[in-house]
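The values are calculated or read from the model by the stated rules, or taken from the named source; none is laboratory data. From a predicted model like this one, the values you see are computed outputs, not experimental measurements. FYI the Cβ positions are ideal-geometry reconstructions off the backbone, even for glycines, and counts take in every protein chain you see.
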Amino acid sequence: MTGQPVPEVVIKTVDNGPYQVKGPIRLVDHDNNVYDLGPGRTKLLCRCGRSANKPFCDGAHARHGFAAAERSG
Ligand code: FES
């Protein structure tokens, strides 16, 4: 990524864990609740499906042994 402009929004996969989303973003959940995330702020979004606080990660992935560390390419 050297020499390329850094986008405003960055989504990073965490090995065996959530998506780390770095703002600025507006997240709207299934009940139309709005979560505004300012520049440089981060939220963790569940990708294991086990969180009791979706769409956010609550750490359940670790308790359930979620495995996702594959690499693309
Ligand atoms: S990724 Fe953390 S609870 Fe699902």
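Out of 21, 10, which single residue is of a type in the set (A, V, I, L, M, F, W, C) and within 15 Å of the ligand (Cβ to nearest atom)? Outline the logic, then answer.
Working: 10 fails: within 15 Å of the ligand (Cβ to nearest atom).
After applying the criteria, what remains is 21.
Which one of the conditions (1) at pLDDT 90 or above; (2) within 16 Å of the ligand (Cβ to nearest atom) does residue 28 fail to meet, given that it meets all the rest?
That leaves (2) as the condition not met.
Using beta carbons and a limit of 6 Å, which pairs, at least six apart or on different chains, have the first residue in region 46-73 and of a type in the set (Lys, Arg) and the second one at pLDDT 95 or above and in a loop (DSSP other than H, G, I, E, B)?
Close Cβ pairs (under 6 Å, with a partner that is at pLDDT 95 or above and in a loop (DSSP other than H, G, I, E, B)) amount to 47/18; 50/64; 54/46.
Please list, ordered by residue number, the strands (runs of 3 or more DSSP E) wholly in the chain having 2 or more residues that are surrounded by 13 or more Cβ atoms within 10 Å (Cβ to Cβ) and out of contact with any Gly (no Cβ under 6 Å at 6 or more places or on another chain).
In the chain, 10-13, 19-22, 25-28, 42-45 are the strands (runs of 3 or more DSSP E) which contain 2 or more residues that are surrounded by 13 or more Cβ atoms within 10 Å (Cβ to Cβ) and out of contact with any Gly (no Cβ under 6 Å at 6 or more places or on another chain).
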